[in-house]
Amino acid sequence: MEFEHIKVETIGRIQYITIDREKKLNALNRFTLAELHDAFTAAFKDPAVGGIILTGKGTKAFVAGADIVEFDGLGYEGGKEIALRGQSTVFDIIANGKKPVIAAVNGFALGGGLELAMACHIRIASENAKMGLPEVTLGLIPGYGGTQRLTQLVGRGKALEMILTADMISAAEALQLGLVNHVVFADDLIPKAEEIINKILTRSPMAVAAAIRAVNAGLVDPGNGYNTEIEEFGKCFGTPDFIEGVSAFMEKRQPNFSTQRD
Ligand code: COA
């Protein structure tokens, strides 16, 4: 697949997707979003890919937001269409992906950039990263899932403070809030993401996919989370990974899982 606004590289079982509009601080225009859709859809289907690291080109920004230039002149229908298309074709696809996606936040993650990082399953930030949802400074609100995912990650009070003030927070503050999982030196950002993905790659891919589905189910519909967990737990039984995992435990050896995810 040929891309203009992102770079996609697979090394071993990890796919690196890098947003590549450094001069515009990797802002998400519609072409970049379309390419992200294609890349993630392909990565989730490709049996050679075990997990994905998403980052931004350069040292200044992960993604400085949706491309504000594209908002100019739009009305209600156009605005709604941007949010709907973005959420359904990129952000929800990443969040519901059956392989782990780690955001390596290497600088500004603002607006749609923070929303993109929050759609990923795990976030690692470099110590120079700055995060925020500045949409109210533009007469907007977050439209790529930010009002929901920030609230889920940091709670209603802190989410509303960040959204209503539009203030950026440091990586250290984001760590304290639980918005990012780890903060590391810039040079350690990708290695830390690799370390986590490589550990997940030793676990059952089928169970990893089931765990993501169960966790996400409760976020969409809190009443359904426990039922989904029961269903997914039951579906694990009798699968080749379950048989291998339990046998390996009994035989006191490391399991050797298949790459099957369903
Ligand atoms: N959309 C479109 N272009 C953007 C952008 C965005 N979200 N964020 C940055 N850019 C562009 C700038 O217009 C500039 O382009 P130019 O060189 O052609 O003028 C380039 O990226 C560099 O940005 P600049 O503002 O000069 O860098 P800075 O270091 O002075 O400031 C930021 C960095 C992140 C504070 C500033 O770019 C900013 O506030 N960006 C918008 C953040 C935002 O509101 N995001 C939410 C969008 S919904």
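The numbers here are math on the coordinates, done by the rules we state, and not lab data. Everything quoted here is computed from the prediction, not taken from an experiment. Please note: Cβ atoms are built from the backbone with ideal geometry, for glycine as well, and neighbour counts cover all protein chains shown.
Label-to-label distance for residue 148 and residue 188 is 3.5 nm, based on points extended 7 Å past Cα in the beta-carbon direction. Across segment 4-16, computed HN-Hα scalar couplings (Karplus, 6.51 cos²θ - 1.76 cosθ + 1.60, θ = phi - 60°) run 10, 10, 9, 10, 10, 9, 10, 10, x, 9, 9, 9, 9 Hz from first to last residue, x flagging Gly and Pro. Computed about its Cα centre, the charge dipole of segment 203-249 is approximately 80 debye, with only Lys, Arg, Asp and Glu carrying charge at their Cβ. Rounded to the nearest 0.05, the FRET efficiency derived from the C-beta distance between residue 89 and residue 136 at R0 = 35 Å is 0.90.
Remark: the residue 237-residue 224 segment gains 2.6 nm on full extension, using 0.36 nm per residue and subtracting the alpha carbon distance.
Taking a sphere under 15 Å around the Cβ of residue 143 and counting the other residues whose Cβ falls inside, with K and R at +1 and D and E at -1, yields a net charge of -3. Mean residue ellipticity at 222 nm, helices only, the chain: -14000 deg cm²/dmol; runs of at least 4 DSSP H residues each add -39,500 (n - 2.57), and the sum is divided by the number of residues. How big is the charge dipole of the chain about its Cα centre, in debye rounded to the nearest 20, if each Lys and Arg gets +1 on its Cβ and each Asp and Glu gets -1 on its Cβ? Approximately 420 debye in magnitude. For the chain, the residue among 212, 178, 243 whose Cα projects farthest onto the positive side of the dipole built from Cβ charges is 243. The trypsin sites (Lys or Arg not before Pro) of segment 161-262 that meet both conditions, a loop assignment by DSSP and at most 13 other Cβ atoms within 10 Å of the site Cβ, are 252, 253. Quick one: grab the alpha carbon gyration tensor of segment 189-252, order the square roots of its eigenvalues as a ≥ b ≥ c, and give me rounded if a/c is under 1.5, else prolate or oblate depending on whether a/b is larger than b/c. Note, shape of segment 189-252 comes out oblate. Taking 0.36 nm per residue of separation and subtracting the Cα-Cα distance, full extension of the segment from residue 11 to residue 244 would add 81.2 nm. Overall form of segment 45-92: oblate. Here a/c, set by the Cα gyration tensor axes a ≥ b ≥ c, is 1.5 or more, and a/b is not larger than b/c. Loop-located chymotrypsin sites (Phe, Trp or Tyr not before Pro) across segment 215-256 with a Cβ neighbour count of 10 or fewer within 10 Å are 237, with loop assigned by DSSP.
Mean separation of Cα pairs under 8 Å and 6 or more residues apart, divided by the residue count, gives the chain a relative contact order of 15 percent. The simple Förster model, with R0 at 25 Å and r as the Cβ-Cβ distance, assigns residue 48 and residue 4 a FRET efficiency of 0.60.
How charged is the neighbourhood of residue 196? Take every other residue with its Cβ under 14 Å from the Cβ of residue 196, and add Lys/Arg as +1 and Asp/Glu as -1. Net charge around residue 196: +3. Here the Gaussian network model covers the chain, with springs between Cα atoms less than 10 Å apart; of 52, 124, 11, 11 fluctuates the most. Tally Lys/Arg at +1 and Asp/Glu at -1 over every other residue whose Cβ is under 14 Å from the Cβ of residue 164; what's the total? Net charge around residue 164: -1. Ordered by the number of other Cβ atoms lying within 10 Å of each residue's own Cβ, fewest first, 17, 141, 190 fall into the sequence 141, 190, 17.
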